[in-house]
Amino acid sequence: MDCLFCKIVEGVIPSSKVYEDDMMLAFKDINPQAPVHVLMIPKMHIDSLDGVNAENLPYVTHIFEKIPAIAASLGLDKGYRLISNCGYEGGQTVGHLHFHLLGGKKLGENIL
Ligand code: AMP
Ligand code: ZN
């Protein structure tokens with residue numbers, strides 16, 4: 001399978017890592033939309049939120065468990081935003097489930 005983020009997990013493509021363990025990886029987005037813009041991904045390939053199921057759910061819940069500590073390590077003590085684009089109309093461009101963690105400034109109150 002030709003998946004950009006699986007290649008980042010494997011280390012074939014370099015990334016600027018901010019957190020890693022056996023189930024997930026967090027790394028800086030190459031095209032940041034905020035002063036802090038990190039992508040959090042499961043080490044298991046899941047296409048998108050639409051691909052979440054009972055078998056791979058532990059990888060997703062693991063990411064959510066780690067969010068507070070990762071956010072704290074990035075200095076996001078005043079808050080942050082979590083986004084996951086799903087599918088074509090959701091604006092997803094990389095077909096490996098990822099959560100954008102955004103912050104480091106006062107973000108707008110609208111979603112779009
Ligand atoms: P999405 O549009 O929600 O699928 O998000 C994909 C994100 O991956 C975008 O914000 C890109 O800037 C980011 N991205 C693409 N390639 C890389 C890369 N090699 N390293 C880090 N971030 C990347
Ligand atoms: Zn993948």
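The values are calculated or read from the model by the stated rules, or taken from the named source; none is laboratory data. Everything quoted here is computed from the prediction, not taken from an experiment. In this analysis, Cβ positions are derived from the backbone assuming ideal geometry, glycine residues included, and neighbour counts consider all displayed protein chains. Keep in mind that these areas ignore ligands, DNA and RNA; they rest on the heavy atoms of the full protein, side chains included. Shrake-Rupley method; radii C 1.70, N 1.55, O 1.52, S 1.80 Å.
Please state the equivalent ellipsoid semi-axes for the range 4-98: what are the square roots of 5 times the Cα gyration tensor eigenvalues, largest first, in whole Å?
Here the semi-axes work out to 19, 15, 15 Å.
Quick one: length gained pulling Glu89 to His62 fully straight, 0.36 nm per residue minus the C-alpha distance?
This chain segment gains 7.0 nm when fully extended.
Please turn the phi angles of the range 23-35 into ³J(HN,Hα) values with the Karplus equation 6.51 cos²θ - 1.76 cosθ + 1.60 (θ = phi - 60°), one per residue in order, whole Hz, x for glycine and proline.
Along the range 23-35, the couplings run 10, 8, 9, 10, 8, 6, 5, 5, 10, x, 9, 7, x Hz.
For the range 61-112, what does the accessible surface come to per residue with a 1.4 Å probe? Please give it in Å².
Solvent-accessible surface per residue comes out at 66 Å².
Kindly point out, ordered by number, any Cys in the chain whose beta-carbon has no other cysteine beta-carbon under 4.7 Å away.
Cys86
Which of the lysines could a cross-linker bridge to Lys105, judged by Cα under 30 Å and excluding same-chain residues fewer than eight apart?
Once the sequence-local lysines are set aside, what remains near Lys105 is Lys17, Lys28, Lys43, Lys66, Lys78.
Per residue, how much accessible area does the range 1-46 have with a 1.4 Å probe, in Å²?
Computed with neighbouring chains in place, this is 55 Å² per residue.
Students often get this wrong: which residues of the range 79-96 have the backbone nitrogen under 12 Å from the point 7 angstrom along Cα-to-C-beta of Met1?
Under cut-off, by backbone N: 95-96.
Computing the accessible area with a 1.4 Å probe over protein heavy atoms, can you report the carbon and sulfur percentage for the chain?
Percent of accessible area from carbon and sulfur atoms in the chain: 54.
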